[in-house]
Structures are given as C-alpha cells and as structure tokens.
C-alpha cells in the first residue's frame, strides 16, 4: 500500500464521530449551596465516581473504536486544551466538542473549547467583569492554546481580557453572553483597534502567523518527532494558515515521504493512555476491578480529565522515570500473566479535587483525609486472544516471530535481540508460542515507542 493510500484509508476511517456518554446528571451548581454536610459529602463522592466512569468509558472507546485516528486526535487535543471541571458533565461536553471538531477547522475547535463551561470555569472567566477584568482566560488562550509566549504583550493580555468580559455559562452549562458585564469600550489588540468582543479576539489571533506555526509544531512533536524540523514546520504552517483545516494538515503530513523516514519511526514515547489502549487493542483485556485502567493511569502519571495544570502533560521523556519505566515494562506480565505487583499510585487527582472542594466548603475534618493505600496483590485480568491468534493462523512457523514483531513494534528487531527474546518464549504448542512471544515483545523497551 502506498503512503497516499495509507493516508486516504486513515482519513476514511476517521470519519466516525461517536460522542462519549457516561457522566450522570450531577446537581446544578447553585443547588450545592443548600446542601447539608452529608449531602455535600455524597455529592463529592458522586462527582468522583462519574469522573472515573467517564475515564473508563473513554479508554473503552479508544480500545474498541473503528475510528482510531479521530480518537487519537481527540487525545492530542485533550492534552493541548488541558482542562478539568469538577462537574463531570462539563468534562464530557468538552470532550465531545473536541471529538467533533478534532479534524475540522481549528477556528471552530478553538471557539467551541473557549465557550465550553469547563474551560470558562477552569480559567475563571465567570469572574471576568468589566469593572474588574480577570486575565487568566485571555492569557492562557494566547500562551498555551494559540500563539505561544513572545508573540503578544501584557497590554494585549489586558485588552483581550476586557474583550472576553461577559462570557458566561448558565446552571445547565449553556454558553451565554452577559452584555451588562461586557466592556464595550475601544480596545487595542495585536496592533488592531476596535470595540472588540471575544469572538473578534479569536479571529485576530487566527490571523497571526505565530498561531499556525505554534499548532503545527505541537502536532509535529506529537506525531512525527520530538526534534522539530523548522523548515518542514514553516512549510506546513504556511499551508495550514490558509483555512486552518486540521484534517488536511494531517493528510499532508501522512503523505509526505519524510514522515516515514527512519529517524521518525518509533521516535514517540507512548503516553500511559496510549500504552494501555495499544495493549488492549492488540489483546482485549477484562479486569476484575473495572477501574484498573484508571489505577494504572495514576501509577504512570496521566489520568484522563485530570491534567496536572493548564499546560497539560509535558509528554516525551517526561513519561519515563526509574519507577514508571519498570512498571511500564511489567504491564504485559501484570495483565496477561497475573504477576504480583505493588501498586503505588502517584498523587490521586480525584482525592486532591475532593480535598480542595472540602476546604472551600470549610469542612476542617476533610482536610486531614489520607489518600487510599493500595496493597500488594494481583491485578486480575482475563485476556481474549481469539482475534490475535486468528490474525496469524496462516503465517508459517518460520515467519511467526517476524510477523508478530512487525505487528507490535514499529522498528525491526535485530537478530541479537531475537535470541534474547526467544529465551522467554514457550514453545510447547503454537498457541503458547504466539501468546508468550507477544507478551515478551510487549515487555521490551521498543514497545514503549510508536
């Protein structure tokens, strides 16, 4: 299959857009003010449960969807537009807005995200009033979502904040423009002067060459190589700026010969979520505890819907440290061979969120809550090998190693490493050989890359 045919297939497969449906109906924000202490405690428990359900639902979607590329792009934008709301429905709404626009026009995606209740809440634009502008939302839109540092001034931030005054959402999460809170005086922003509102600011931002280059470089780092090729990114950005068509940008990347250069293959360290999903797509796993994937996310430092801050996860080599690497390498054994493992999650974002909410509600006893301790034991799982075994049923015994290795790992396995791997493979039956070879290959460092 030629690169163009591969890109065309990828684009065709990406058209399915299935909204994420998991979060329940949490009480309206205003309702919380009238709750008793016990009701607030139950409310927080419900929020944590719904966030976890939403996380598990998305992992399941990524693991089973036929629209792999759209979900991959949704995951990318999830990290780019890093956001967390303590209202699960708001997180779900934002996730679906991103999914819908993930391969459309960047301007539409930017506007949808900027007007979502989750983002307006997260970046405090509910507190942005004409008499007391809050600059948080305006600053992050420019610094992290569009142009990057160095391409605007502090005066631009102040005037953009004034333009975003009045952007609100109601108790149902619907965007509304509070005209009486909007500063309708003249503003100067990025060299242009007028009675700008928030939509005008986003339009002017999209006109800046820095915006298309910033987005292209971030996509290049995620999909091509951590090491930026300035010449290639400049050319891509110039084309992208014509209409900000994300799908066309990705198509142009995937049909480029340089995308398949040796230095770009297997150069991306899988994020924890990518690693979990890749394993689950290769061999579907059913775990005894439904939140097993969430627990693994916590251990490895990437919990969906809980970015560490508005800048999102750093990615790249930051996914790897001495403790996480060993756990990543043993995941296949944990899932497929029932190995014993000591679970030591990193800080629980859900518990931290509950603690912050409790402090806000002035409940002193909640401030001393301890994070849950996870003891040593089996993470019980049942693997369905049916499809994996069938995929290699017509492959001869002599070619099995190369076929399975090529299926699971981006780069060829050298002969010296084959000999080492084969020491861990059981050869009593063909089925046992395939299973243990797959598990061993998933346990080598190369499987951590894509």
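Nothing in this text is a laboratory measurement; each read-out follows from the coordinates by a stated rule. Every value quoted in this text rests on a predicted model; they were computed, and no experiment measured them. Cβ atoms come from the backbone with ideal geometry, glycine included; neighbour counts cover every protein chain shown.
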Completion exercise
Expected max-MSF residue from 217, 41, 105 in the GNM of the chain (alpha carbon, under 10 Å) is 41
Fill in the blank from the handout: Taking 0.36 nm per residue of separation between residue 333 and residue 260 and subtracting their Cα-Cα distance, the length gained on full extension comes to 23.2 nm
Practice task
Identify which of 330, 64, 193 has the largest mean-square fluctuation in a Gaussian network model of the chain, with springs joining Cα atoms closer than 10 Å.
Solution key: 193
Practice task
For region 172-227 and region 42-99, write down the distance between their C-alpha centroids in whole Å.
Solution key: 24
Problem - Within a Gaussian network of the chain (alpha carbon springs, distance under 10 Å), most fluctuating of 386, 188, 146 - result: 386
Fill in the blank from the handout: Simple SL model, points at 7 angstrom along Cα→Cβ for residue 192 and residue 325; separation in nm is 4.9
Handout entry: Cα gyration tensor shape of region 160-303, rounded if a/c is under 1.5, else prolate or oblate by comparing a/b with b/c
Key = oblate
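Please arrange 72, 423, 203, 187 by counting, for each residue, the other beta carbons lying within 10 Å of its beta carbon, fewest first.
Sorted ascending by nearby Cβ count, the order is 423, 203, 72, 187.
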Problem - Between 0 and 90°, nearest 10: helix 154-163 axis offset from the chain longest Cα axis - result: 80
Practice task
Could you order peptides 47-58, 224-235, 394-405 by the average number of other Cβ atoms within 10 Å of their residues, highest first?
Solution key: 47-58, 224-235, 394-405
Fill in the blank from the handout: Nearest-0.05 FRET efficiency for residue 391 and residue 227 at R0 = 35 Å, using Cβ-Cβ distance, is 0.55
Problem - Spin-label model distance (nm) - residue 158 vs residue 172, 7 Å beyond Cα toward Cβ - result: 4.0
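Considering Cα pairs under 8 angstrom that are at least six residues apart, work out the relative contact order of region 386-448 and quote it in whole percent.
It rounds to 35 percent for region 386-448.
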Practice task
Please give the contour-minus-distance gain from residue 235 to residue 317: 0.36 nm per residue of separation, less the Cα-Cα distance, rounded to one decimal in nm.
Solution key: 26.8 nm
Practice task
Rounded, prolate or oblate: pick one for region 133-182, where a ≥ b ≥ c are the square roots of the eigenvalues of its C-alpha gyration tensor, a/c under 1.5 means rounded, and failing that, prolate if a/b is larger than b/c, else oblate.
Solution key: oblate
Problem - Helix axis angle, 37-64 relative to the chain longest principal axis, alpha carbon, degrees - result: 50
Handout entry: Label-point separation in nm, residue 105 to residue 124, each point 7 Å along Cα→Cβ
Key = 3.3
Practice task
Please give the calculated 222 nm ellipticity per residue for the chain, where each DSSP H segment of at least 4 residues contributes -39500 (n - 2.57) and the sum is spread over every residue; nearest 500 deg cm²/dmol?
Solution key: -15000 deg cm²/dmol
